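A.B. asks: For reference, the structure I am asking about is given below.
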Amino acid sequence: MTIDTTHAATPRDDVKDELAQLVALLPITLHDLRSAPPSPMPMREAIEGSGLGKRHATALVSVAATEPIGVSELAKRLGLLLSSTSTVVGELSRAGLVQREEDEQDHRRTLVRVHADYRAAMAEWVEAAMEPLRNTLQRLSPRARAHFMEGWGILSEEAARSASTREADGDCESA
């Protein structure tokens, strides 16, 4: 028996249409997600006044979205080394934006939360900023949600692998 392979998709061709859709959707979607309401003014002033940057703002949003959070867990979420994350948390703490405390159940663990002075404003802002993501997840069936999350996990892994390869090849510019 002979199998006709003239119409069989090559591994790269079988995702051609979906890839074209992603190429069209991704920049628009990321732009719209970045167009979230501006962070509360006191927070922006504290970040800018302390000379903190984008990585600090990213860490602050992660803390606000999941507080309290352990420094190790925060490092995993941010894709940073524990030592780098500890430095970022220390800088946010010195700026008065976060509070560090010992975990009462595991004294080796440090928990981080948004400072009480900023907590309500930050919670309100995170709620508004996360609305498109929350609505998307709620609209999906549990099975579709699992596939969606699996897909984003794979995309994250592939993006990290590609970045690592470029860095190892010396194709990336230093920031």
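The values are calculated or read from the model by the stated rules, or taken from the named source; none is laboratory data. Bear in mind that the values here come from a model prediction, so they are computed numbers and not experimental data. FYI the Cβ positions are ideal-geometry reconstructions off the backbone, even for glycines, and counts take in every protein chain you see. Ligands, DNA and RNA are stripped out before the accessible areas are found, and what is left, the full protein with its side chains, is counted by its heavy atoms. Shrake-Rupley method; radii C 1.70, N 1.55, O 1.52, S 1.80 Å.
A.B. asks: Quick test for you: out of 63, 71, 89, pick the one residue that is surrounded by 14 or more Cβ atoms within 10 Å (Cβ to Cβ), without any contact (Cβ under 8 Å) to a residue 40 or more places away in the chain and in contact with a strand residue (DSSP E or B) (Cβ under 8 Å, 6 or more places away or on another chain).
C.D. replies: 89
A.B. asks: Moving to a separate point now. For residue 112, are the conditions met, namely being surrounded by 14 or more Cβ atoms within 10 Å (Cβ to Cβ), of a type in the set (A, V, I, L, M, F, W, C) and either assigned to a strand (DSSP E or B) or in contact with an Asp or Glu (Cβ under 8 Å, 6 or more places away or on another chain) (or both)?
C.D. replies: Taking the combined requirement at face value, the residue satisfies it.
A.B. asks: Turning to a different aspect of this structure: Counting only residues that are open to solvent by 30 Å² or more (accessible area, probe 1.4 Å) and under 11 Å from the mean Cα position of the chain (by Cα), which one in the range 74-86 is farthest from residue 111 (Cα to Cα)?
C.D. replies: Among them, the one singled out is 79.
A.B. asks: Which condition from (1) free of Cβ contacts under 8 Å to residues at least 60 places away in the same chain; (2) surrounded by 11 or more Cβ atoms within 10 Å (Cβ to Cβ) is the one that residue 106 breaks?
C.D. replies: (2)
A.B. asks: May I pose another question? Could you please find all residues in the range 115-132 being surrounded by fewer than 12 Cβ atoms within 10 Å (Cβ to Cβ) and free of Cβ contacts under 8 Å to residues at least 24 places away in the same chain?
C.D. replies: 116, 120
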